[in-house]
Each structure stands twice: as C-alpha cells, then as structure tokens.
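Some notes on the structure that comes next.
Any read-out appearing in this document is the output of simple, stated calculations on the displayed coordinates, not a laboratory observation. Just so it is clear, the model here is predicted, and its values are computed rather than measured. Don't worry about glycine lacking a Cβ; one is built from the backbone with ideal geometry, like all the others, and counts go over all protein chains shown.
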Amino acid sequence: MTGLSIENISMRFDLPNGSSVQALKNVSLHLNEGELMSVLGPSGCGKTTLLNIVAGFLAPTEGQVVMNGHKVTGPAAERGMVFQQGALFEWMDVRSNVSFGPRMEGQRPSQYDAHVDHLLNVTGLRDFKDKAIYELSGGMQQRVALARCLANDPDVILMDEPLGALDALTREKMQGLVLKLWKETGKTIILITHSVEEALLLGERLLVMAPRPGRIHKEYNLPFADLGVGADLREVKKHPDYARTREEILEMIWDMEEEIMGRAEAAQ
Amino acid sequence: MIGSVILLVYVAIFVLSFLAVRFLVHKTTRDFTSLKTVTFGDESAVTSNRIASIVSVTTVFLIWGSFTGSSWVPGFLHAPGPFVGETSFTYTLETADGVRDDATVYVKVADFGQETESIEAAPGEGIAKDDAVAMNASRTATILFDRNDEVTRKDGARVVAIDGIAIGAGDEIRTETGRFALTDKGAISFAPPSGLQMEPIWLPPPEDVVGRVVEIANEGYRDSTLWRHLGYSLFRVIAGFVFGALLGIPLGYAMGLSDWFRGWFEPIVEFMRPVPPLALIPLVIIWFGIGETGKIILLFLASLWIMAIAARAGVSGVNISKVHAAYSLGASKFQVMRHVIMPNSLPEIFTGARVAMGVCWGTVVAAELVAASEGAGMMIMVASKFQLTDIVLMGIILIGVIGFGIDILMRKAESVLVPWKGRS
C-alpha cells in the first residue's frame, strides 16, 4: 500500500517523579501520496509528538507508522523535516546546506548540481547561494530549510510550524511558496501550525486535535489549497466557506482551551 | 613616600587629561551616540576611549622615565634626583673635660652605581680634625669622625652639635646638607638628600631595559640567546597544548556522546579541573625531573582538562533539531558526527583553546622559575638572584607581550575558522 499510514498510535511519557503523561491516544490516519494535511490544535495536544513519531525521532508506546508498506523504525531520507527555526548548519554556506542530503548519500556534484541550482532558483535563493547562514533573514533561512529538504527528494515532508517565527508579510509570501512547491513536486506534506488561517489556506485536509490525551477531534476536507495554487491568497480568503470554517474551528479550539483552563482551576 | 608621590602624579594626570579631553576634544564631536537619550547605563554606548588608552600608556612610561631619571624624558620632567657631588658639614666635639672644638667633614657623593672616589682633606687645627668621606647617592654613611681626632669616643668625647644644631643620642636632625643622627656608639650617621628618584637596582630606567633587550638578543644570557630562551618557552607551551588538545578533545567528545565514558571520566576531570597546574610542579619534578619531559607533561596536564571540558560542552551544546535534521536528510551516525557535531563544537573548542593557551603560558613561566636551563622564566629567576632588575623587567615585559600576542593570534584564527560563533 502506498502512502503514509499512522496505525493506532499511543504515546506515553514517563516523568521523573513517577507519574506519566498520555501525549497521544489511539491516533490513526492515512495519507495518500501527494496529499497536504495541516494539523491544528491547542498547545499540548501532541502535534509535535505525532510529527516526531512519523519522522522516526521517537518510538511510539503502541501502534506503528507504515510508510509505503514498510514499518518506520527511525529517521530516514524518505521523510524530510522542516523545523520552526531552520536547524540549518551555520558552518556551511547556503548551497552546501541545500546539497547536504545528496552529499551524505555520496552523490557526485555532477549528479546533484542541476537539481540544487533549480531549487535555489525556485526558492529565490540564487543570489544568496554563497552567503553564510547567519547573514540571512529569518524568511530566507526558512527558504533554505525548504530547499534543503526538497533537494533530498523525500516522499513525505514533515513541517513543524515552519513559518511560525516569521512576520506576517513574509509568512504570506512563504505560504504561497509552500503551495507552489507542493503542486510542482507532488509531495505528501504534513504541516503543523498554530495559525488557523494557515491551516485553512494550505491544508487539503485539516486535522483538529484535542489535548489530554492527544487525539483526533475532527477532520475537514477543504478546497482552498487547490484554489490558492498560483492565485492570490487574499482572494481565497474572501471565499464564503472560508470565513465560516475559520469561525467554526476557532470556536472549537477556544472551547478546548477553556476546558483546559477550567480543569486547571478545578485542580487548584 | 615615593609611592604616594607617584600615585598622586598618576591620579593628577588621569583627572587632568580627562578634563582636557572632555572640554577640548569631545565638545566638538556630537555623534549619534551622544544624541541617544539614554547613554548612561547603556553598556553598548560605552566604547574604549582611544585617547584615554594612548594617554594611559604614555603616562606609565612617562612616570617610569621621570622617576628613574631616564635620558628619554626631558630633564624638566624628572623627579628631583638625589644629591650628587661634594658637600660638607661641621661637627662640634666635646671632650669629657667639657672642651669643645669644631671640625669639618668633606663628603663626596657619587651617583647611583658609580664607583666612589676617595677624597682627601687636610686635618686642620684643634683637637677635632677634619675628615673626608666618599659615598653613593641615597646611601647612609656612618662617619667614624674620631679616627684622626686627638680625643676619641673611648676617652669620653662625643658629638654635641652638627652645623651648630645641638644633637644627642637618638636625635635625628635635618639640615639642607642632609639627615644626621648619632649611632648607639656615638658615630655620625649621615644621609644626603635622596630625592624622589628610584635607584636602578629597584627600577632601572626604560633605556636600560631596552639596552638589555638589544644586548641579550645579540650576545645571549646564560649561554643562550634571547630568542632561544623565548623559543624554548613557546615550544614547551605549544607542545604541551598540542598533546593536551590531541587527547582532551576526543576525551571530551567521548564524554559528550557516551554515558559510560562520561561516568568513568567525570570524577577524574572534575577533580583535576580545580587543581591549579602550579600545584603539580613539585610532583612533576619528582617524577620526571627538571628536563623538557617534565615541563611538557605539566603543560599537557594544564591544557588537557580545559580542552576536555570545552569539547564536552561543545557536544552537549548542539541543538537537537540540527541532529534531527541531519538524520532526516539521510545522514549516518558517522556523518552526523563529522558534519554536525564536530563543526558545531568548534566555537566552544576555540574558547577552550584560548583559555588553555593562557593558562599554559602562565604555567610555563612558573615552571621555569622553579627549575630550568633555558626559558623566559629561568632568565628572570637567575637575573633576580644577581639583582639585575633590568633583565627581570625585560623578561616580564616580553612575557606579557608574547601572552598578548598569543591571544590576538587565537582570536584571529577564531574569526577566520568559526565566523558563525555567537551569531546563530
């Protein structure tokens, strides 16, 4: 079976004081190839834990992740990751960062040069390819992180709030870029975000998670990502369904937050 | 006495140059910083004042030259020197019978370090005869005035006045000629005015020190040229540091990457780290003698723990998302080590290397002070035994300059090799 299957995953963290936290409980979902799914939820709902399990950085307490028919046992090049803060390698220039994956695989420059140059062009980094990482702005650094991930040609791209640290304008531009790259490359993408607007605009599917224990609360299928490819994202936001869905999800997350607060107050 | 005068002069120059610069120079420079609303308390607005640094260094040399009578400092800036030349005073002798007679003592005072020239004086009339004394500046001469007198102290004669001023046992009188006192046995103790200048044996003038540099650079000291002495010290530092880094960095990596290594070596490293390398000198000399091996082992031990701790901190300091990123880009364990953990630890290692070089340089000088046949510290040590203060000063200045040079080189290397340090 192709695609990515998350099969009945539970994750429990044991704390040093002897108690334990149920971060995820019985989470199951399936992504077909080329699907873009955004994941929303209040803080503490296990979004990042889920992503780390899919990436292979964490082993789930129960359940398994199956990728194109084989079980995930650790990080691998087929599942690329884009972090909130670039996690770029400061000791390399932009181009060496982007070509990191192919170089680790042992490819010769002649094998990856064309692909890397193409990605540098697409992400608008052509004129910055010899710059050092610390000379770039935050938005530029995230472009490098995207290009570095794509250069490795992974089947799935996992994005952990990749645009969270950017200012509003840069963020909008980068959202357009993510959509464009998704359509061009046809990659499967899981995108974690805190922004409801971003989740609506970019997610073909949208997953709302609930906390304590982390579980899937509701799933949407949305038309906006397809509408947004190559179009003005601000026009997409005028779509009547857009405002309605946004309000619905905001309401949902507010209720969850209030429930958490209420529980905290009751505990006191 | 001289100390407080020097301190006063120093403080005066500090205050006066500050006021002069404040009112003459800075009045005209109203740059962006001076326009900031908050300049006091804003540490970033405080930069080193170049004029202050220049005046500061000049002042040190000026005071040094002025209080040593240096020929490099114009004469009117010299502190008052000691009395040099010929002088005389009269003493009044009273015999046991109460007979008094005056006699003159002629004194010839030679400059610091000059040979005293003996002088002669005609004995003159009376029971007290004139005397002649040769002495050096800033010294006290005990004048056995009665060697040629007709009546001596054994006969009950004693000095009752100097230059007409009465003096008794235990009194001290000051005249323009100098300071007088009587010793317990009744001899005259005479000190001509000593002025405010330092004797070369305490502090030689700068030109003497420079002269020594030239002399020792050309002719050598204790069978070795200056370059050979400094070269030996540098060689020991570099050899000790290289061995320390060669073992310390892998040890630090191992401690940062394996719990077994960390558990095994942590007690040793944490125990050895606070032991000053100087405290190891006696043990190293007992075990390895005073030759090169002992010194290099000492410096190796001085740098080993610093480098191990720096490398461990470098490994522990790696942002876990960088490691995750490298794994999800398909890197193997070895590749993560080679391309992420090692370069990521370089800034910490460089900081450690700078500290280690500083410690090694200080330790090598101390070790050479204890025992060595060549080296900067040995030069100082031997010179101090012969009271060759100019060589001691020369050694201290060269040690400071080289230590400073090493640090500048390390910082240059750091900015070239790890330009991303502190900027990620």
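Data table
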| quantity | calculated |
| --- | --- |
| Overall form of the protein assembly as shown per C-alpha gyration tensor (a/c, 1.5; a/b vs b/c) | prolate |
| DSSP-defined antiparallel bridges as percent of all bridges, the protein assembly as shown, nearest 5 | 65 |
| Mean Kyte hydropathy of 0.0 or more with a Cα span along the axis of at least 15 Å, helices from DSSP in chain A | A:138-151 |
| Amide proton proximity set for B:I143, modelled H, under 5 Å, gap of 5+ | B:I188, B:S189, B:F190 |
| Exposure proxy order (Cβ contacts within 10 Å, fewest to most) of B:D163, B:D149 | B:D163, B:D149 |
| Loop sites in the range B:133-220: chymotrypsin sites (Phe, Trp or Tyr not before Pro), DSSP, at most 14 other Cβ within 10 Å | B:W202 |
| Long-range HN-HN contacts of A:G63 with modeled amide H, under 5 Å | A:S10 |
| Equivalent ellipsoid semi-axes - Cα gyration tensor, the range A:22-128, angstrom | 31, 17, 14 |
| Proximal lysines relative to B:K322, as straight alpha-carbon distance under 18 Å, when same-chain residues fewer than 8 apart are discounted | B:K333, B:K421 |
| Value of Rg to Rh for chain B (Rh from inverse mean 1/r over Cα pairs, i.e. Kirkwood) | 1.18 |
| Point-to-point label distance, B:R100-A:E235, nm (Cα→Cβ direction, 7 Å offset) | 12.6 |
| Distance between the range A:65-94 and the range B:174-211 - C-alpha centres, whole angstrom | 82 |
| Whole-number D in µm²/s for the range B:208-417 (Stokes-Einstein; Kirkwood sum over Cα pairs; 4 °C, 1.567 mPa s) | 69 |
| Cα-projected label distance for A:E258 with B:S332, points at 7 Å along beta-carbon direction, nm | 5.7 |
| Whole-Hz couplings from phi, Karplus 6.51/-1.76/1.60, listed for the range B:217-234; x for Gly and Pro | 5, 7, 9, x, 9, 6, 6, 9, 6, 4, 5, 5, 4, 5, x, 4, 4, 5 |
| Fewest-first sequence of B:W264, B:W361, A:W91 by Cβ atoms within 10 Å of each Cβ | B:W264, A:W91, B:W361 |
| Selection of GluC sites (Glu not before Pro), the range B:113-160, meeting DSSP coil and at most 10 other Cβ within 10 Å | B:E115, B:E117, B:E120 |
| Top of A:F100, A:F13, A:F128 by mean-square fluctuation, Gaussian network on chain A, Cα under 10 Å | A:F13 |
| Choice from B:I51, B:I173, B:I391 with maximal GNM fluctuation in chain B (Cα, 10 Å cutoff) | B:I51 |
| Rounded Å value of the spacing that divides the Cα centres of the range A:111-148 and the range A:205-268 | 32 |
| Exposure proxy order (Cβ contacts within 10 Å, fewest to most) of B:H324, A:H70 | A:H70, B:H324 |
| Quotient of C-alpha Rg and 2.2 N^0.38 Å, computed over the range B:89-231 | 1.48 |
| Selection of GluC sites (Glu not before Pro), the range B:170-244, meeting DSSP coil and at most 16 other Cβ within 10 Å | B:E176 |
| Vicinal HN-Hα couplings computed from phi for the range B:8-20 (Karplus, 6.51 cos²θ - 1.76 cosθ + 1.60; Hz; Gly/Pro x) | 4, 4, 4, 5, 4, 5, 4, 5, 5, 5, 4, 5, 4 |
| For chain A, built as a Gaussian network whose Cα springs stay under 10 Å, the top-fluctuating residue of A:N52, A:N97, A:N221 | A:N221 |
| For the range B:313-329, Karplus couplings with θ = phi - 60° (6.51, -1.76, 1.60), whole Hz, Gly/Pro x | 5, x, 5, 5, x, 6, 5, 4, 5, 5, 5, 4, 4, 5, 4, 6, 8 |
| Long-range amide H partners of A:M81 with built H, under 5 Å | A:L158 |
